[in-house]
Each structure stands twice: as C-alpha cells, then as structure tokens.
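Engineer: Have a look at this one.
All of the numbers you see were taken from the coordinates with simple rules; none came from a lab. It should be emphasised that the depicted structure is a prediction, and the values quoted were computed from it without experimental measurement. Heads up, the Cβs are rebuilt from the backbone with ideal geometry, glycines too, and the neighbour counts pull from every protein chain shown.
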Amino acid sequence: MDAVVRPAGTRRRGAALEEFILEAAWQELNAVGYEQMTITSVASRAQTGKQVLYRRWRNRAQLAVAAVNYHVGPLNAETADTGSLRGDVLALLEAVTSRVCGVDPAILRGILSDFLEEGNAFGPIMSTLVATLLDRAVARGELARAGVPARVLSLPGDLARDEVARVIRPGGPGNVMEAVRQPFAEIVDQVFLPLVLAYTGEAAIS
C-alpha cells in the first residue's frame, strides 16, 4: 500500500490535515475498494493516528462520503438556478447524480448500503440546499413563505438516493442519468411539490 507522500519535517494541521487525509482516503478507496477500506488503513496511508480520523468522522461510511465529496468538488445552491422551484430541484438532483457518476459503482453501493443501515444518508447537506432553493422561490414570488418541515426538505435527496442505488446495482442500466431522469421528475412533481404547496398554502407551482 502506497502512502500519500508527506515532505520530511512537514506537520499538517486544521484544513490542510483534513485535505491530506481525504486524499489518502480517496486513494485507499480506489486501491482496495470500499469493503476493504478501514479507518486504520486510511490512517496508515495518511501517516497519522486513527484517533485523528475518528475526531472528524464517526465511521468508515462518513469518511468515504467525505472523500468522494472532496474528489468530485463542492456542491452549492448556485448549481441549480433555473428560474423556477421545480427546475431548481430537478437541476440539483441531476447535479448531485452527475458528480458521482464517475465514482466506481461498487464504491457507491457499499457507501449507500452502510448509510441505509444507519438510517442516515446525505440528508443534512441536501436539506440545507433544498431550503435555499425554497428561499429563492419566495424571493422571486413563487411562494409566499418557506415554512416547510425538515422532513419534507430531505425527501427529494432521500428518494433520489434510493433511485440512484437501484440504478447502480449490478446489471442495472448503463446510463445512470437517463435512467433517473423520469423518476426524479416524479419525485419532484408527485411528492415534493404537492407537499410544499400544502405547507405554504400556494395553489400551484409552474
């Protein structure tokens, strides 16, 4: 196993140390796969102690998600700015999916499986982004207010995650984006938007 090279005499701290560890985790994921990756193996590759990693990530799944996010780059609400709430939510779901399409499907399956067992997925990040999209819809006059419960905010991300997990299973469709486009539209049109309308008292969202 090759470790990430650290120049002699270099002692990293804070954000620099975290980036160094995430690069090591990404290398480990691609070298041995998610099932064989451990906190210990990443710590060894990063030339640091396990407790340094555990102070930042509770378990292997959280570390792997952080490594994937580090590799594919940050996502923010500006990624989805189409001029309508419906378009924004669809664009956000597609942007998230396109970012992970270059990751080995076996790695994604392992990560998603662990998160599903914990009852915890990518909810917090997605909920924050969806809340931003709702605030934007209020600002442009689509909605009178954005008083939507956290559970509703998490729905698009949670349901989209399940669709992606289904598509990337062994023997699934080759083109992930094509396979999820219609299900994503159904999630937004049949589940998310009707709930938003119910909580905000709006008649329709075009």
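Engineer: Relative contact order for the stretch 74-200 using alpha-carbon pairs under 8 Å, separation at least 6, rounded to a whole percent?
Structural biologist: Working: 116 pairs, mean separation 38.5, N = 127.
The normalised contact order for the stretch 74-200 reaches 30 percent.
Engineer: Provide the gained length on full extension for the span residue 197 to residue 36, in nm with one decimal, where the gain is 0.36 nm per separating residue minus the Cα-Cα distance.
Structural biologist: Here the segment from residue 197 to residue 36 would lengthen by 53.4 nm.
Engineer: At 7 Å along Cα-to-Cβ for each site, give me the label-to-label distance between residue 158 and residue 59 in nm.
Structural biologist: In this crude label model, residue 158 to residue 59 measures out at 1.8 nm.
Engineer: Let me know the charge dipole size of the stretch 74-200 about its Cα centre in debye, to the nearest 20, where only the beta-carbon of Lys, Arg (+1) and Asp, Glu (-1) is charged.
Structural biologist: Here the size comes out at about 140 debye.
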